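K.L.:
Here you go, one structure.
All of the numbers you see were taken from the coordinates with simple rules; none came from a lab. Source: prediction; values computed, not measured. In this analysis, Cβ positions are derived from the backbone assuming ideal geometry, glycine residues included, and neighbour counts consider all displayed protein chains.
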Amino acid sequence: MSVAGKDIFDVDSLSRKEILQIFQTTKEFKEVLKRPIKKVPALRGKTVCTLFFEPSTRTRMSFEIAAKRLNADIVSFSASTSSLKKGESFKDTVKTLDAMGVDLYVIRHKEPGSPMMLKRYTDAIIVNAGDGFRAHPTQAILDGYTMWEKFGKLEGLNVVIVGDILHSRVARSNAKLLNKMGANVTFCGPKSMMPLGVENYGLEVSYDVHEAVKNVEVVMGLRMQLERQTGGFFSTLDEYNEFYGITPDIMDLAKNSAIFMHPGPMNRGVEVVSKVADSKGSKVEEQVTNGVATRMALLYLTLGGDNNGNS
């Protein structure tokens, strides 16, 4: 199967074979990023538009750097400074951008399902960079690649995701990808931060971080998304840190080879302490590097790049 021409709304649309294809292509592009000249002409003549309706630094920059490394042209759209503020409709905005020759849209929006709505108005390829609480497929792919790169496989890997599961599109997409690839996933956090029906997600659920991390290979912390919370899901951040913060003692309960991961940005002293975030077993910085290489692979493969682009 081929990823060429495929919209990436969530990891559901990707087969195991396609995910492995993305991983292998990411590995090749990661080598490109180590070169003195970090560019290849793979997408010369293609136009990528980053269409962001929510604030973002890491994801947006990662996509834009990835596109530039592939020699694509970039159109950077920000809703806060666009004609949408003057009353232009979403449809008309997309039609205007389409008329400029956009081949692929990278969209982030606070409303779930926004990438699918965008598809109604364009024939360009859509890549979801996060829609509400629903999905963040490219984060899941880069996280999966980070684990695959470290352990050589995902099948049989034990992964615990700790924190604010309720508000986390990262947790949802990671669980789908990891389950598809044969990993064993546990969600851990306070009951008030678990989605309704979480028991039906096809994974383990734990409310005790000490039990959840025993003998796992991967401990992933999630950011406390205070900007998405409208109710008191936990009394204080200090109390959350006391019960669910990732400390060296918590990591000691995992396997000796265990790694710590975090989609970022981290709230140090809340979901993780600095001794863990900055430890030898932390893959947080590696995730950022892998984010650029993974998004290079996705842009390249969805836009139909051939093997000649990698040289």
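K.L.:
Across bins of 10 angstrom width beginning at 0, how are the C-alpha pair distances of the chain distributed, in whole percent?
P.N.:
Spelled out bin by bin, the chain gives 6, 28, 34, 23, 9, 1 percent.
K.L.:
Using the number of other C-beta atoms within 10 angstrom as an exposure proxy, rank ARG69, ARG35, ARG44, ARG295 with the fewest first.
P.N.:
Placing the least packed residue first, the sequence is ARG35, ARG44, ARG69, ARG295.
K.L.:
Straight-line reach from LYS275: which aspartates and glutamates have Cα under 16 Å away, leaving out those fewer than 8 places along the same chain?
P.N.:
Cα-Cα hits under 16 Å: GLU242, ASP249, ASP252, GLU285.
K.L.:
Assuming R0 = 30 Å, can you tell me the calculated FRET efficiency for the pair TYR121 and ASN184, based on Cβ-Cβ distance, to the nearest 0.05?
P.N.:
Efficiency at R0 = 30 Å is approximately 0.15.
K.L.:
With axes computed from alpha carbons, what is the tilt in degrees of helix 16-32 against the longest principal axis of the chain, rounded to the nearest 10 within 0 to 90?
P.N.:
Value to nearest ten degrees: 80.
K.L.:
Students often get this wrong, so check it: of LYS39/LYS176; LYS38/LYS95; LYS6/LYS176; LYS17/LYS283, which have C-alpha atoms separated by over 23 Å?
P.N.:
LYS39/LYS176; LYS38/LYS95; LYS17/LYS283
K.L.:
Also, I was wondering about something else. Determine by what factor the alpha-carbon radius of gyration of region 137-283 differs from 2.2 N^0.38 Å, reporting the quotient.
P.N.:
Here the Cα radius of gyration is 0.95 times the empirical estimate.
K.L.:
Based solely on its DSSP helices, what 222 nm [θ] is calculated for the chain when runs of n ≥ 4 H residues each add -39,500 (n - 2.57) and the sum is averaged over all residues, nearest 500 deg cm²/dmol?
P.N.:
-10500 deg cm²/dmol
K.L.:
For the residues LYS275, LYS46, what sequence is obtained by ranking on other C-beta atoms within 10 Å, fewest first?
P.N.:
LYS275, LYS46
K.L.:
Antiparallel versus total DSSP beta bridges in the chain: what percent is that, nearest 5?
P.N.:
5
K.L.:
Just want the ordering: ILE65, ILE8, from fewest to most Cβ atoms lying within 10 Å of their own Cβ.
P.N.:
In order of increasing Cβ crowding within 10 Å: ILE65, ILE8.
K.L.:
Which of LYS68/LYS110; LYS180/LYS214; LYS46/LYS180 have a Cα-Cα distance over 30 Å?
P.N.:
With Cα atoms farther than 30 Å apart: LYS46/LYS180.
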